[in-house]
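**Q** Sending over a structure as structure tokens; questions will come in a sec.
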Amino acid sequence: MEKAEKREVVASLQEALAGAGSIVVAQNVGLSVAAFTDLRVQVKKAGGKVKVAKNRLAKLALKETDVADISGLFSGPTVIAYADDPIVAPKIAAAFADKNQKFVILGGAMGATALDVEGVKTLATLPSLDELRAKLAGLVKQPATNIASILVQPGAGIARVLKAHAEKSEAA
């Protein structure tokens, strides 16, 4: 690889890692091409990316970002998974690691916070931003529904009483 190509790869990695909500670094010794392709597809569908880069170039790219110093994780054959949503990459990587023994999570970062293996797995158990937004919308909507039903109840009660009187007077 020539110097110009290396600079381009480092710049591309810097841009990608600087804008990522979270980064997961994993080792992929002996992972089949089909399994690795499956991982790429899963991450891409969820809005993230998976990259394989030379460790030295990945370390150089990390130096120029605000991401936590996780350069110690880059040794041997490594894979970088990242996404804008901080939950996506850890969730998919953890699920993939459970199914594939040859894919081992080494750690990661969420902004300026470095994550160990347990930190990545804990992050993977949290709901995604879309799920949190849906829950929040449901919580906001619930009081309005309750207020509407409370306002309707007195009118419905009066209507039932009037109907009962009307039926009583018809029967008499």
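**Q** Considering only region 50-69, I want to know if a residue exists there that is part of a strand (DSSP E or B) and in contact (Cβ under 8 Å) with a residue 12 or more places away in the chain.
**A** Yes: region 50-69 contains one or more residues that are part of a strand (DSSP E or B) and in contact (Cβ under 8 Å) with a residue 12 or more places away in the chain.
**Q** Further, regarding this structure: Tally time: how many residues in region 1-15 are more than 26 Å from residue 87 (Cβ to Cβ) and open to solvent by 80 Å² or more (accessible area, probe 1.4 Å)?
**A** 6
**Q** Restricting to region 98-113, and then to whatever is at pLDDT below 85 and of a type in the set (Gly, Ala, Ser), can you tell me which residue is farthest from residue 24 (Cα to Cα)?
**A** The qualifying residue farthest from residue 24 (Cα to Cα) is 112.
**Q** If you don't mind, there's one more thing I want to ask. Go through region 79-137 and report how many residues are of a type outside the set (Lys, Arg) and crowded, with 19+ Cβ neighbours inside 10 Å.
**A** 26
**Q** For region 16-60, which positions are closer than 16 Å to residue 114 by Cα and crowded, with 16+ Cβ neighbours inside 10 Å?
**A** 17, 20, 21, 22, 23, 24, 25, 26, 58, 59
**Q** How many residues are among the small types (Gly, Ala, Ser) and not in a helix (DSSP H, G or I) when one looks only at region 70-93?
**A** Qualifying residue count for the region: 4.
The values are calculated or read from the model by the stated rules, or taken from the named source; none is laboratory data. Everything quoted here is computed from the prediction, not taken from an experiment. Because the Cβ atoms are built from the backbone with ideal geometry, glycine has one as well, and the counts that use them run over all protein chains shown. Note: areas computed on protein heavy atoms with side chains; ligands, DNA, RNA excluded. Shrake-Rupley method; radii C 1.70, N 1.55, O 1.52, S 1.80 Å.
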